[in-house]
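First the structure, in the form of structure tokens, and then the observations on it.
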Amino acid sequence: MLWIVLCATLAVVESGDWSAILRAQQLFHELYGKKIEAAKTPQDKVLLARAIFEYAKTESSSELRRIAVEEAKRLAIELRYAQLCYEIAKFQRQYEDSDPLLVDSHCERLWIQAEGTNRLERFDLMYESISRWLCVSSPPQLLSTKWDERTAEFLRRFPPPSRPLPRAIYSLRMPLVVLNTSTGLVLNVNRGSRSPGAEIIIYELPADTNAQWSIERGPASSVRIRNVNSGLFLTVDPNAEFRVTQKMEQDEWSAWQLVPVQSGFVLINYASQLALTPSGTSSTSRVIVTPCDREDQRQHWILVPR
């Protein structure tokens with residue numbers, strides 16, 4: 001009986017029904033098998049999952065693309081890496097003509113259920129609810145806004161694993177400048193304003209203190225970045241098209257995650273999960289927040305003692 005099953009399996013493979021899948025699996029193993037085995041730390045797995053997904057997005061073979069996406073998804077779920085899971089869900093989604101109200105009701109039940117579970121189950125249920133909602137083809141604006149907010153909360157609750165910041169960064173007695181490695185310009189409060197809501201720009205390194213900052217502990221693994229001249233915190237204003245400004249309040253919008261990359265840090269806003277990015281390359285260009293892309297050199301910053 002075993003021989004018959006084996007022969008039948010081989011016949012299916014030789015017929016071409018499975019041969020493309022098997023070739024894709026073999027090729028993927030050749031490309032990433034050793035890298036997957038070598039990735040031991042959460043940080044290594046984060047980088048690998050991101051690399052595999054970026055590869056999948058450009059792969060022309062549907063079989064190989066599917067295998068790569070599923071492996072990236074497996075790693076992202078294992079790490080509870082919400083940002084990458086969300087991007088994969090958007091990439092894989094298939095729009096449906098289901099009643100948005102019924103889908104919202106189903107997703108809402110999952111979301112409420114998630115709140116009463118442990119962290120691991122909460123991630124799975126929240127991810128399931130958001131993935132399901134993404135398939136709604138024409139949601140009403142009110143529900144769309146609701147699930148955009150839920151998505152932001154999901155991303156905020158489950159940030160990517162990152163290497164802990166050196167303790168010495170909090171004990172530095174001297175101020176820092178926050179230097180953008182792409183432009184060579186530094187984070188600066190426009191015109192040296194001490195007013196809440198003042199615009200943040202990139203500028204040539206001045207002698208005064210409006211381009212100097214101190215690092216303070218924030219919630220969870222985040223930090224707060226306080227301007228030396230104004231005493232106010234670097235923040236994102238959700239009521240003004242996510243402008244980067246300064247304010248006194250210490251809340252989730254004025255908290256930042258410093259995610260290490262090869263050439264410094266990516267500064268990710270804790271509330272929006274968007275990354276600090278210059279809007280241009282010239283002096284006085286506004287600083288904005290955009291979707292995080294660790295490969296984007298514009299989002300790389302270094303902290304330099306002044």
remark   = Fewest to most Cβ atoms within 10 Å: HIS29, HIS300, HIS106 sort as HIS29, HIS106, HIS300
remark   = the chain: relative contact order from alpha carbon pairs under 8 Å, six or more residues apart, as a whole percent, is 13 percent
query = Taking a label point 7 Å from the Cα of ASP208 along the Cα→Cβ vector, which residues of the range 265-301 have an amide N closer than 19 Å to it?
reply = 283-287
note = To the nearest 0.05, the calculated FRET efficiency linking GLN297 and ASP44 through their beta-carbon distance, R0 being 25 Å, is 0.70
query = Can you count the Lys pairs in the chain whose Cα atoms are under 22 Å apart, with each pair 8 or more apart or on different chains?
reply = 14
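Between rounded, prolate and oblate, where does the range 100-157 land on the alpha carbon gyration tensor, with a ≥ b ≥ c its root eigenvalues, rounded for a/c under 1.5, else prolate if a/b exceeds b/c?
Prolate.
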Theoretical gain in end-to-end length, SER282 to ASN239 [0.36 nm per residue, Cα-Cα removed] = 12.8 nm
task = Provide SER62, SER144 in ascending order of the number of other Cβ atoms located within 10 Å of each residue's Cβ, fewest first.
result = SER62, SER144
query = How many angstrom lie between the C-alpha centres of the range 109-128 and the range 50-75?
reply = 26 Å
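Under the rule of -39500 (n - 2.57) per DSSP H run of 4 or more residues, summed and divided by the residues of the chain, what mean residue ellipticity at 222 nm is obtained, to the nearest 500 deg cm²/dmol? List each step's numbers first, then the result.
Details: 9 runs with 131 residues, N = 306.
So the helix-based figure for the chain works out to -14000 deg cm²/dmol.
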request  = If a/c stays under 1.5 just call it rounded; otherwise compare a/b with b/c (prolate if a/b is bigger, oblate if not). Do that for the range 168-305, with a ≥ b ≥ c from the square roots of the Cα gyration tensor eigenvalues.
outcome  = rounded
query = Working out 0.36 nm times the residue gap between GLN113 and ARG66, then minus their Cα-Cα distance, what length gain in nm do you get to one decimal?
reply = 13.9 nm
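All of the numbers you see were taken from the coordinates with simple rules; none came from a lab. Keep in mind that this is a model prediction, so the values were computed, not measured. Ideal geometry is used to build each Cβ from the backbone, glycine not excepted, and the neighbour counts take in all protein chains shown.
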